[in-house]
Amino acid sequence: MRLFGLETEYGITRDDLEEVDPVVESMELVRAHLTASFERRWDYAGEDPHEDARGFRVSGLAQDKEEDEFAKLDAHRPFSFHEMKSDLVLPNGARFYNDHTHPEYSTPECRRLKDLLAQDRAGERIIQRAADRRNQSLGGEYVQLYKNNTDFHGHSYGCHDNYLALRSIPFPQLTAGLLPFLVSRQVIAGSGKVGIEAQESGVVPGGFQLSQRADFMETDLSVDTMHNRPILNTRDEPHADPKTYRRLHLIIGDANMCEYATALKVGTTQLVLDLIERGAAPSLELEQPVTAVKQLSRDIDLKAAVRRQNGQTITALDIQEQYYRAAEHTLAGLDEESDWILKEWGETLRLLAQDRHALVGKLDWITKLWLLETFMREERIGWDDPWLASLDLAYHNVHPARGLYLGLEAEGKAWRMTTEADVERALSAGPSDTRGGLRGLCIRRFPTQIRAMQWERIQFTGGLMPRTLEMGDLFEPADVRACAELFETADSPLDALKAWNGRKDTGS
Amino acid sequence: MKHIVMPERREGPVDPMPKPSGPTEEGGGPKRPDTGSPDKDSLLKRMRKVDPKQAERYRQRTGE
């Protein structure tokens, strides 16, 4: 399987304050997690969100002006840039920091869905434990955290899914293959939302739609992520050898509470990437993808048909069915995990058409709708009642005693794909077959000898020159394990680095 | 069209996901809901505790 990972920005608020400063709250939350051995400065060198995968560099982003305004305000705060970002790299290789006033947890790179689910759930635990510590210092359970994507007033924040892809695949080929799939993926991966919003400009309360993010999609392709949001983000930050790889950075997805939905969201997307790499993706160009995203999201009966460029129309389920059939035809038997994805993808599409109630506890939008409709019957209220938006929000609360999804899970009505033992392991270590696990190992073994870190390298202290472990092309599991063994057993990181470089030089 | 496979795919078959159809195993997934409604003694109680104005007060800055 290819490498993939999730970045999740959480919503944060304080129940005891009329006005909440999200910069301070996000910073304090992350720092509540801080222990001496964890703090590492993230190395921002090499990160450039202005690089566009279409082959050029933009001079500015739509958010730059707003970011500059915030930067002016932040300059008056008694914190340095690094204090505000509070970048932590955790012993499991994950990154936990304050990003654009939201606490963000980025999983370490994974190559198996089970690892990704465990790391995603570990993120929920880590962020809630930070809130517990913060609340302890505040003297009450005031800080609340939400794994969702909207504030119901036109402000959205993301859950991005990332995939390592080959740069040899022309970007237009990726675009053509992915757009129809992403427009329709929400029937499986949507988290459901009460009401309709527009970017920072208004909200229509009531009603229910499949996706939290659909309202915020404004264009097919763009390098932007905060304004003018695209269905397919073109940011070109590979975090790997740029000659060989690109990172597909998808910002259209919702944050999922259901493990099954997360597994299918990432699993089906990587199968579609496999199809594109083999030239086997269906050709389904849509006439207006942005309109289609919103149209499909607002049709919970899944009957809406969107226009194709050839003049025909097609439903979301039919789009998904065509991708599924192509994947089944081309990729069946590839490996066990791919076969699992194919089986569950096909079954989910069948149930969406014939018996969606069977997907309660598996797909978020169906689970949330089921909860809300039950509540409406019990309380004899309609879709115009503002209580429903609050219940929508509460569905995503990651406090085990408050979150509605977590309550459902505790009742045994949500499908678990991980065990508690899986999550416990993911709290302390990353996958053993990816550089994410290697990153975590270095944090655990040599916490005081790391100068800086980023996704593709680790700089160690010692000697006159910085010593760097380059991981931009360290993807073969056997190589990762061999390198990890050296860092596991060496007396110092420099000894391990010397042995690793010697091994690479001799080609052994 | 030349078929291109990601290099890490060369690894042998991986463990399959736990089967969701195995509800009795830990982590294998619970049984499909069979009552047609959430548990009225606990989950609906939890839902009723939610402040109806919580979403109205909830404000975030735009993120990514």
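Side notes on the structure shown:
- Residue in segment A:411-428 that is farthest from A:Ala240 (Cα to Cα), counting only those that are surrounded by fewer than 18 Cβ atoms within 10 Å (Cβ to Cβ) and touching a Pro at 6+ places or on another chain (Cβ under 7 Å): A:Gly412
- In segment A:401-413, the condition of being at negative phi and more than 12 Å from every other protein chain (Cβ to nearest Cβ) is met by no residue.
- Unmet requirement for A:Tyr105, which otherwise passes all of (1) assigned to a helix (DSSP H, G or I); (2) within 14 Å of chain B (Cβ to nearest Cβ): (1)
- Here A:Val183 meets each of (1) farther than 20 Å from A:Arg298 by Cβ; (2) within 20 Å of the chain's Cα centre (by Cα); (3) buried (at least 21 other Cβ atoms within 10 Å of the Cβ) with one exception, condition (1).
- Any pair with Cβ under 6 angstrom, 6 or more apart, that starts in segment A:60-89 at a residue that is away from chain B (no Cβ under 13 Å) and ends at one that is in a helix (DSSP H, G or I): A:Met84/A:Met27; A:Ser86/A:Met27; A:Ser86/A:Val30; A:Ser86/A:Arg31; A:Val89/A:Ile443
- Residue count for segment A:125-141, restricted to those that are assigned to a helix (DSSP H, G or I) and without any contact (Cβ under 8 Å) to a residue 24 or more places away in the chain: 3
- With respect to the conditions (1) under 23 Å from A:Ala122 (Cα atoms); (2) surrounded by fewer than 22 Cβ atoms within 10 Å (Cβ to Cβ), A:Asp301 falls short on a single one, namely (1).
- Test: residue in segment A:90-103 that is surrounded by 23 or more Cβ atoms within 10 Å (Cβ to Cβ), in contact with a Phe, Trp or Tyr (Cβ under 9 Å, 6 or more places away or on another chain), under 28 Å from A:Leu271 (Cα atoms) and of a type in the set (A, V, I, L, M, F, W, C): yes
- Per the listing A:Leu174, A:Leu113, the residue uniquely buried (at least 24 other Cβ atoms within 10 Å of the Cβ) and either among the hydrophobic types (A, V, I, L, M, F, W, C) or over 14 Å from A:Asn256 (Cα atoms) (or both) is A:Leu113.
- Condition check for A:Leu34 on (1) part of a helix (DSSP H, G or I); (2) in contact (Cβ under 8 Å) with a residue 24 or more places away in the chain: one failure, at (1).
- Subset of segment A:357-399 that is of a type in the set (Ser, Thr, Tyr) and crowded, with 19+ Cβ neighbours inside 10 Å - its residue that is farthest from A:Leu210 (Cα to Cα): A:Ser390
So that you can scan it fast, the table gives a plain yes or no per residue for (1) closer than 16 Å to A:Pro289 by Cα; (2) not in a strand (DSSP E or B):
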residue	(1), (2)
A:Phe181	yes, yes
A:Val194	no, no
A:Gly207	no, no
A:Asp215	yes, yes
A:Thr225	no, yes
A:Asn228	yes, yes
A:Glu237	no, yes
A:Ala240	no, yes
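- If the condition is being free of Cβ contacts under 8 Å to residues at least 60 places away in the same chain and crowded, with 20+ Cβ neighbours inside 10 Å, then segment A:327-339 contributes only A:Ala327.
- You will find that of A:Glu47, A:Glu7, A:Glu67, A:Glu18, the residue that is acidic (Asp, Glu) and buried (at least 19 other Cβ atoms within 10 Å of the Cβ) is A:Glu7 and no other.
- Restricting segment A:414-431 to residues that are within 11 Å of chain B (Cβ to nearest Cβ) and of a type in the set (Gly, Ala, Ser) leaves a set whose member that is nearest to A:Ile126 (Cα to Cα) is A:Ala421.
Every number in this text was worked out from the coordinates using simple rules, so none of it is lab data. As the structure is a prediction and not an experimental result, all values here were calculated from the model. With ideal geometry, Cβ positions are generated from the backbone for all residues, glycine too; neighbour counts draw on all protein chains shown.
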